[in-house]
Each structure stands twice: as C-alpha cells, then as structure tokens.
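Structure record follows, encoded as structure tokens.
The values are calculated or read from the model by the stated rules, or taken from the named source; none is laboratory data. What you see is a predicted model; the values in this text were computed from it and never measured. Neighbour counts run over all protein chains shown; Cβ positions are idealised from the backbone, glycine included.
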Amino acid sequence: MEIQHFSHEHPLVFIEGIGENEVIVCTGCDEPISDAAYKCSQYCHFFLHKSCTELQREIQHPVHPNHPLVLIASKHRVCGGCCKSSSKSCFFYCCDKCDFNFDIKCASNWQSSPEDGHQHVFVPILKQIQFTCDICGVDHRNYARVCSICQLLVDIYCARLARTVKIAAHKHHFLTLIFCLDNQVKEQDDQVLCQLCFKTVNTKYGAYYCKICGFVAHLKCAKWNLLQQFDNLDSSVYIQYSSMDSIDPETNVTKEISPKEDERTRDLLEEHPFVGRHNFVLTDKKLEDDKLCEVCMQSISSSYYSCATCSGECNIFIHDRCRNLPITKRHFLHRHRLTLSLPDKYIGRTLICNVCKHQRHGFWYRCDECDYNLDIHCSLIPNIIKNEGHQHSLRLAIRPYDEICNGCDSANNTKGKFVCIEPECNFALCFGCAILPLVVKYEYDRHGLLKLTYSVEDDSGEYYCFICEKERNPKQWFYYCGECDFAAHPKCILGEYPYIKYGSTFRTNLHKQHLLTFVRKTQFSPPCDGCNEPFEGMGIECKQCRFTVHLSVRCFRKYGM
C-alpha cells in the first residue's frame, strides 16, 4: 500500500514492522518505531508511525480555542504545552496568527476538543486582576476564574453558564455553549446575528449555538429567553423537554398542539354571548361608517359576518378571518401556552394587552398563571413585517426595555420590538407603532382621510398638532393631510382608547342594579362623578343613576351596592 504524505516529497510505502536489531525513529514524533509504519519508497531515511500518518490536518483544541491548529512539519519550534523545543524536523499543531505551537504528544495528552469530553473546571484566582473575559468579552477588574487545562480566563457569571440549554425560541434542538464562535462560522463572510435580538454577535467570543441549523444567540439573550420559559430555574440546569409544537405558516408564530387537539379551533360565532338572539350571515357589503370587528377590534374592510335579524342595528360585526381561531398557541414573547378566551370576568370585558399596551374589547390569548394578555391583532402579526416607515424588512426581536422606538421616539416598556437587521441600520419599532393604521378617517378634515407620515412636512422647525394645539416632536410619526396642511398626533386622531367599542353595555358586581355603557368623553365634558377629576376619552355611564366615571374600582365604589 502506498500513500502520499504532506510532510515528504516521495510516496510512502507500508511496512509491517521493524527488525529486532534495528532502531528506527519516527520523523513525526521522534519516538522509536516497533510496529506498523510507513517509509519512503525511494532511498530517503524517512519513517512515520502508521498512527502519525492518520493525524488530522486541522483540529480545534481547548488549549487554544480561538483558532484552529494546523498540522505542519517543522523544527526549532517551542511547544506551548511542555515548553520543549525541537532541533529536528517533527510534527507540530500550529496557529500562525498567534504564533502558537503544540507538539503532537501534548496535543494527544490534552484532549483535542470540548466535544471529546473535556469538562471545564474553573478555579478561582484569589486576587483582583484586570482581565477580559474569554467568553463574554467584557473587561473586568475583579476576581477571575481560570480553567487549568484550557487557560480560559472568565468572570464568575460565565463560569456558571450551562454547556447545553434548550430555549423557548428554539424548541427543536439544544444549544451548545461555544467559547469561540469564529471556529463554527469561519466560512461565513457576512456578519453573524443573534436570532433573538438580531444584533451582531462578536464571533471572537462565546455564544449559544445550534450546529444542526446554525441558530446563534447571545449569552444574555439565551438566558433571558430560558428564564422566560421556566420559572425559578437556574441557568446552569440542563433543560430538556419534548416539544409537540408546529409553526403557523400564516403568522409565523408557534401554535402548540397535542394529539387530541391537532388543528382544533373555536367557532366564535357559536360561542358569542349574543348567539340565540342574532342570526349571523356572511357578506361583503361596504359599510358606511367605521365598524370594529367584535373579535379583534380592527376596522371592517373585507368580508364579514353581521346580524341579518337586526340589519346591523345591533352593531355586531365579525371578520370572516376571525371566525375560527386556534384554541391555544405559543408566542415568541411569552414562556407559557396561551389560551383563547373572552374576558367575561373583567369590567366591561376589557383587558390591557401586554405587548401593544392598549386597553381593548374583544377576544384574547391569555395566560392565567402569569396574568399575561395578548390581543388577537398582536397575536396575528408575523415575525417579519414590511412597514412603509422604513425601507427594509423588520423582524420581531427581544430587545432591551430602554431602546428608542423610531415611531414614537420613546422607550416603550415592552419586551419585543420590530428591528432592522441591515448593517448600520439601527431602526426599531414598538408594537404600538407597528399596528398604527396607514390611513384614517377624520370627520373634521374636509378631505376626510389622513395618512400616517414618517418625516416632517417642511423645514420650518415649528410643528404643532392641529387638534390639541401642542407642539409636535419632529422625530415622532403623525397623521397628515397634504392638501390642507393638517397634522395631528396619532393619539389625538385615534383617541386614547381606539379599540374600545363605545356604546356597548355591560353589568358589573360593583353596580349590579343597572346596565353601564362605554361613552367617549371630551375636554369639555363634566369631571368624573366618582373622584371629581376631569378626564377625556373613555368613560362609564349609568343613564338611570345619571353618573359618568372612570373605568376604575375606586370611582365605582361611590355608586356600588
């Protein structure tokens, strides 16, 4: 058998062994040969152990995790493990970038990769030192931890990181802690993005990585998503569970199913509180006035169900697309399964959405364990959207609470934002701005329609809202009519509660004797009869008792039982 080895110019031939009286030394490791080997087919005195010819040309070693080590034949090199130098030409694993050399003895004695079984045991350095953590890349002046084998120098937090985790946003595979991501993505030319926050990952340092599908997450982002999924759980614990989830192709959000619940939905027309007194029929007849869907509280602009018995006078309309919705689903922004429900036990059947922060009527996806509410509209927004206010597509990401939204120029306290992943494009959009309608009707504008506008209308430097007459922030989006130069804040156009169904009635235990009605208050309306404070927007009215109050328990007490 003949081979061509990189370390010698001539082909090598296989030999069974060396004679008893011969002393032959392997050129690769400088150790005697006593069993199977290869020798030069010509007349060179060149021999290699069979095992030395089978060495990998490139390895990833825990002693030098930042770069791969390449096998070469060289002399006058100093081994970084045993500190011995060699005057003869022999095999070394080398990194030319760092001028690091490792002879093959040390490389084999010290395991070649973390996957081969090396478990890092971090020993404390009992002295405060200035150092950069080799995993997270953060500079510290504190007590460090060091792995005696790899010489990884890390802070106390990174020393406690789990080697393997499974997070809510990537249920199908485990993520492995990689100490230098550069080695896993070295063939990629583009920047590497965290799939949770969509910010750049520094590949010189550590990250959680899925080798199967290339999913990458920052250490902090993965830990946040892990803790959102499992309560009272330390991040050093290995997370294992079987997932039976599927992805909804229309909304790109996760819908949890089980063998008994596969594809189960609720027919909301059969469960609506008014069923029995109303006969719902499907129609595409254009409505003269803006009407809200009873399920999602969005304007009716496509085919819908209405009551044929009342000819629409009952003011109940339901989108065709909202009739059947999944009973349960999982969402990227919450750790538990959410269940479709109608908030009957809450005052006026309203709740505040934890994502867009709007108080709404309608149906919800809810987690009773966490008191978490997600309205139907927000639950159906895809994870990737295209908004007219920005030239690139936006992705739903986990972002810090203090990040500024480009729509309202504020740090809305929400866990999710839509972000641009293009290089040098730091655009972010909160849910509240992402769901703003592009065009709205305004009865006091003679042209009737106002368009959502993303940059100031002129260069005057003075910008005011024509409704509240207060100054507008030029960084904030606004509604505008170019024909009459009419501009206004979104809240002034839509109101503080755009998804409340005014005119709807309800009963509450705080005022059992009469029906209460949602009414719209103006700045000229009388103050609240409960607390005597002025207010605009939504109010609750009892026509029999002749009072109007805030939607609050405190204000209801005065007119309670």
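Please work out if H447 is outside the structural domain of W364 (by TED's automatic domain parsing) and either among the charged types (D, E, K, R) or closer than 23 Å to L429 by Cα (or both). Lay out the reasoning, then the answer.
Details: outside the structural domain of W364 (by TED's automatic domain parsing): yes; either among the charged types (D, E, K, R) or closer than 23 Å to L429 by Cα (or both): no.
The answer is no for H447.
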Inset, instruction - Report yes if K291 is touching a strand residue (DSSP E or B) at 6+ places or on another chain (Cβ under 9 Å), of a type in the set (K, R) and more than 16 Å from G503 (Cβ to Cβ), otherwise no. - result: no
Inset, instruction - Sort out which residues of segment 325-341 are in a strand (DSSP E or B) and in contact with an Asp or Glu (Cβ under 6 Å, 6 or more places away or on another chain), and write them in order of number. - result: T328
Legend entry - Among residues of segment 75-89, those that are of a type in the set (A, V, I, L, M, F, W, C) and touching a helix residue (DSSP H, G or I) at 6+ places or on another chain (Cβ under 8 Å), counted: 2
Inset, instruction - Would you mind finding the one in S51, S41, S74 that is assigned by TED's automatic domain parsing to the domain that holds A107 and among the polar types (S, T, N, Q)? - result: S74
Inset, instruction - Within segment 405-444, track down each residue that is crowded, with 19+ Cβ neighbours inside 10 Å and charged (D, E, K, R). - result: K417
Inset, instruction - Look at P474 and say whether it is under 35 Å from the mean Cα position of the chain (by Cα) and surrounded by fewer than 17 Cβ atoms within 10 Å (Cβ to Cβ). - result: yes
Legend entry - Residue that is polar (S, T, N, Q) and more than 30 Å from F556 (Cα to Cα), where the choices are Q476, Q523: Q476
Legend entry - Test result for K558, modelled with pLDDT under 85, more than 22 Å from L292 (Cα to Cα) and part of a strand (DSSP E or B): no
Legend entry - Residue check for Q513: farther than 25 Å from D375 by Cα and either of a type in the set (G, A, S) or assigned to a loop (DSSP other than H, G, I, E, B) (or both): no
Inset, instruction - Sort through I493, I500 and tell me the only one that's over 18 Å from G348 (Cβ atoms), among the β-branched types (V, I, T) and within 37 Å of the chain's Cα centre (by Cα). - result: I493
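Can you name every one of the strands (runs of 3 or more DSSP E) wholly within segment 91-173 that holds 2 or more residues which are at pLDDT below 85 and within 30 Å of L396 (Cα to Cα)?
164-167
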Inset, instruction - Have a look at Q151, Q195 and point out the one that is among the polar types (S, T, N, Q), surrounded by fewer than 19 Cβ atoms within 10 Å (Cβ to Cβ) and in contact (Cβ under 8 Å) with a residue 12 or more places away in the chain. - result: Q151
Inset, instruction - From S7, S74, S34, grab the single residue that is among the small types (G, A, S), out of contact with any Pro (no Cβ under 7 Å at 6 or more places or on another chain) and crowded, with 17+ Cβ neighbours inside 10 Å. - result: S7
Inset, instruction - Determine which member of the set Q60, Q42 is of a type in the set (S, T, N, Q) and over 30 Å from C147 (Cβ atoms). - result: Q42
Inset, instruction - May I ask you to say which residue of E54, E16, E31 is under 23 Å from K88 (Cα atoms) and either modelled with pLDDT under 85 or in contact with a helix residue (DSSP H, G or I) (Cβ under 9 Å, 6 or more places away or on another chain) (or both)? - result: E31
Legend entry - Flag if H76 is free of Cβ contacts under 8 Å to residues at least 12 places away in the same chain and over 17 Å from C150 (Cβ atoms): yes
Inset, instruction - For segment 38-60, indicate whether the set of residues that are in contact with a Phe, Trp or Tyr (Cβ under 8 Å, 6 or more places away or on another chain), surrounded by fewer than 14 Cβ atoms within 10 Å (Cβ to Cβ) and under 23 Å from A107 (Cβ atoms) is non-empty. - result: yes
Inset, instruction - Give the residue that is nearest to K171 (Cα to Cα), with candidates limited to residues of segment 298-335 that are at pLDDT 80 or above and among the β-branched types (V, I, T). - result: T328
Legend entry - Residue list for segment 362-389, restricted to those being among the hydrophobic types (A, V, I, L, M, F, W, C) and either buried (at least 19 other Cβ atoms within 10 Å of the Cβ) or more than 20 Å from K345 (Cβ to Cβ) (or both): F363, W364, L374, I376, C378, L380, I381, I384, I385
Inset, instruction - Kindly establish whether K491 is within 27 Å of W364 (Cβ to Cβ) and free of Cβ contacts under 8 Å to residues at least 12 places away in the same chain. - result: yes
Inset, instruction - Return only the number of the condition from (1) part of a loop (DSSP other than H, G, I, E, B); (2) within 30 Å of C314 (Cβ to Cβ); (3) in contact with a helix residue (DSSP H, G or I) (Cβ under 6 Å, 6 or more places away or on another chain) that C531 does not satisfy. - result: (2)
Inset, instruction - Determine whether N66 is touching a helix residue (DSSP H, G or I) at 6+ places or on another chain (Cβ under 7 Å), of a type in the set (S, T, N, Q) and outside the structural domain of G206 (by TED's automatic domain parsing). - result: yes
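Can you pull out the residues in segment 271-288 that are modelled with pLDDT of 75 or more and over 12 Å from Y305 (Cβ atoms)?
The answer is K286, L287.
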Inset, instruction - Please state which of the following conditions V201 fails to meet, knowing it meets all the rest: (1) surrounded by fewer than 20 Cβ atoms within 10 Å (Cβ to Cβ); (2) free of Cβ contacts under 8 Å to residues at least 24 places away in the same chain. - result: (1)
Inset, instruction - Only one of these is small (G, A, S) and in a loop (DSSP other than H, G, I, E, B): G362, G348. Name it. - result: G362
